[in-house]
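Contents: one structure, followed by commentary.
Bear in mind these aren't lab numbers, they're just calculated from the coordinates by the rules spelled out. This is a predicted model, so every value here is computed, not measured. Neighbour counts run over all protein chains shown; Cβ positions are idealised from the backbone, glycine included.
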Amino acid sequence: MKAFWSLWGWPLAIAILGAVGLVGGLAGDGGWDWLAWVGLGVPCVAAAWFGLRRRPSR
Amino acid sequence: MNARSLRAWAWLHKWSSLVSTLFLLVLCLTGLPLIFHHQVGRWLGTEVSSPAMRADAPSLTLDQVMAAAKTRFPSKVGMYVSQEPDDDAIWYVTMGDTPTSSTGLKQVAVDARTGAVLAEHRLDTGVMAVIHTIHVELFLGETGKLFLGCMGLLMLVAIVSGVVLYAPFMRKRRFGEVRRGRSTRVKWLDLHNLLGIVTLTWAVVVGATGVINTWADLVITHWRDDQVAGLLARYRGLPPVARLGSLEKAFASARARQPDMKIAFIAFPGTAFSSEHHYGVFMRGRTRLTERLVRPVLVDAVTGEVTASQAPPWYMNALLLSQPLHFGDYGGVIMQWLWAALDVLTLIVLGSGLTLWLDKRGPVRRVLASDLRSAAR
């Protein structure tokens, strides 16, 4: 179980957040917009953070 | 996962990706400027704006608006009249040689208060129109559309199989780990896994709604045969309308039937969204969600009386809601930029995938081989 969450924890969280944002954004303005921006912003930030960071990993 | 199923998933991922990659690259590249088509239109000067007037300035009737548009193209007939959800000061009149024409269409923007023609352009020229046609149908018409739909389905297969393969590749790594100290190939493998998994939801949604959009014509035809035909029994066999009745009267009848809605567009008799004997008046709601869900009101083209107003079936609503989810046009400029960023990330996933395939002795083979060995043990 621990192995499952260490492998799939973050991917699942990002995927669910993205889905909530995409659908929530359709529902209305204001707070719903923020939900969409966060939901889609997180994947972009994660991509930039891990993709561009210079610190060499093991 | 046993060795056999791992090999099958790897095969599926390889071939579903290889077949579709070239087309997906084209779709991502042409989709990028289309995200910003309003801004590009403003920049190119093709986006129309109406002069500011007092809010209570009187409006013209739609018959006057049509007459104004007709002075520009006397030989053409009306096909559609529409308004943007956020601007009721402009009517867009689409005209063609016949109600069913698909080429040589002209669009005239008419000021709703003065009748001044604000702009006119051909709908099928200009760089954005070319990009749009490539994105939608590769200049191959309905065939091209359905073909791209198949490529979209392959993309979904590639995504699902890619997620399955994420496990053997990432089992011993931390989330987001990109190994830079090793070879370039290893770096690209890690980036492919990282970007593929974080863009998962967006890619599935944009891919699936893109596929649904390729079926738009089929869905609309089915809606006409399935729903509209039944409403029109008493018109069957009547000769085509010789002289159209007042458009304004038809519009007023539709508004009286749906007083809480505003106009999306009106389709003239004979077009895809009406019948031979009716104006199809499509009303939309006033909230973020309901402004996407149009309700058709069929109005007799001669008498101007409402024949039917029926909520559209589920498949029309699914089609209508799949459009914003594909276009990303519902969360302002920030949403457009996020859409563009995710599009670029998808391009990198496609490019890195291709690179990894070309690399015949690279890390993908090594990981697969070692996993196959350990699975076999």
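So between residue B:276 and residue B:38, what do we pick up on full extension, going 0.36 nm a residue minus the alpha carbon distance?
Gain in length upon complete extension: 82.3 nm.
Please report the Cα spread of the protein assembly as shown along all three principal axes, rounded to whole Å, starting with the longest.
80, 48, 38
With charges only on Cβ, +1 for K and R and -1 for D and E, what is the dipole size of chain B about its Cα centre, in debye, rounded to 20?
The dipole of chain B has a size of about 2340 debye.
Using a cut-off of 10 Å between beta-carbons, work out the net charge of the residues near residue B:332 (Lys and Arg +1, Asp and Glu -1, residue B:332 not included).
Within the 10 Å Cβ shell, the charges total -3.
What is the sum of charges, Lys and Arg at +1 and Asp and Glu at -1, for the other residues whose Cβ falls under 13 Å from the Cβ of residue B:65?
Net local charge, residue B:65 excluded: -1.
Can you sort A:1, B:316, B:335 by how many other beta carbons sit within 10 Å, fewest first? Let's see the in-between values first.
Numbers: A:1 5, B:316 20, B:335 23.
Fewest-to-most Cβ neighbours within 10 Å comes out as A:1, B:316, B:335.
What fraction of the Cα pairs in the stretch B:48-106, stated in percent, has a spacing above 20 angstrom?
Everything past 20 Å amounts to 31 percent.
Can you compute log10 of I(q)/I(0) for the stretch B:1-44 with the Debye formula, treating each Cα as one identical point scatterer, at q = 0.16, 0.21, 0.28, 0.30 Å⁻¹?
Taking Cα atoms of the stretch B:1-44 as identical point scatterers yields -0.59, -0.73, -0.89, -0.94.
In what sequence do B:103, B:61 fall when counting other Cβ within 10 Å, fewest first?
So the residues, fewest neighbours to most, are B:103, B:61.
Distance from the Cα centre of the stretch B:284-358 to that of the stretch B:35-58, in angstrom?
Spelled out, the Cα-based centre of one part sits 21 Å from the other.
Hey, fewest Cβ within 10 Å first, where do B:179, B:42, B:284 land in order?
The order, fewest Cβ neighbours first, is B:42, B:179, B:284.
If you wrap a convex hull around the alpha carbons of chain A, what volume per residue comes out, as a whole number of Å³? Kindly include the intermediate steps, with their values, before the conclusion.
Values: hull volume 5.1 nm³, N = 58.
Cα-based convex hull of chain A, divided per residue, equals 88 Å³.
Suppose the chain between residue B:59 and residue B:333 were pulled fully straight at 0.36 nm per residue; how much longer would it get relative to their current alpha carbon spacing?
Working: separation 274, 0.36 × 274 = 98.64 nm, distance 3.11 nm.
Separation in residues times 0.36 nm, less the Cα-Cα distance, equals 95.5 nm.
On alpha-carbon atoms, Rg over Rh for the stretch B:1-85 using Kirkwood Rh? Before the final figure, lay out the partial values.
Numbers: Rg = 25.3 Å, Rh = 18.9 Å.
Result: Rg/Rh = 1.34.
Check cross-link reach from residue B:76 to the aspartates and glutamates: straight Cα distance under 20 Å, and skip same-chain residues fewer than eight apart.
By straight Cα distance, residue B:76 reaches B:63, B:97, B:111, B:120, B:124, B:248, B:276.
Average partner chain C-beta neighbours within 10 Å, per residue of A:9-17? Write down the numbers at each step before the final one.
On the way: counts 1, 5, 12, 2, 1, 6, 8, 1, 1.
If you average over the peptide's residues, the count of other-chain Cβ atoms is 4.
Below 25 Å, Cα to Cα, which lysines can residue B:187 reach? Residues fewer than 8 away in the same chain don't count.
B:14, B:172, B:360
What's the average, rounded to a whole number, of partner chain beta-carbon atoms within 10 Å of each residue's beta-carbon in B:236-249? Don't skip to the answer; put the middle values down first.
Numbers: counts 0, 0, 0, 0, 0, 0, 0, 0, 0, 0, 0, 0, 0, 0.
Other-chain Cβ atoms within 10 Å of each residue's Cβ, averaged: 0.
Calculate, for residue A:49 and residue B:52, the FRET efficiency according to 1/(1 + (r/R0)^6) with r their C-beta to C-beta distance and R0 30 Å; round to the nearest 0.05.
0.10
Let me know the mean shielding of B:195-207 by other chains, meaning the per-residue number of their Cβ atoms within 10 Å of its Cβ. Please list the in-between numbers first.
Details: counts 5, 1, 9, 14, 8, 7, 13, 9, 2, 4, 4, 1, 0.
Mean shielding by partner chains, rounded to a whole number: 6.
Over chain B, one equal point on each Cα, no solvent: what is log10 I(q)/I(0) by the Debye formula at q = 0.11, 0.15 Å⁻¹?
Relative scattering, expressed as log10 I(q)/I(0), comes to -0.86, -1.33.
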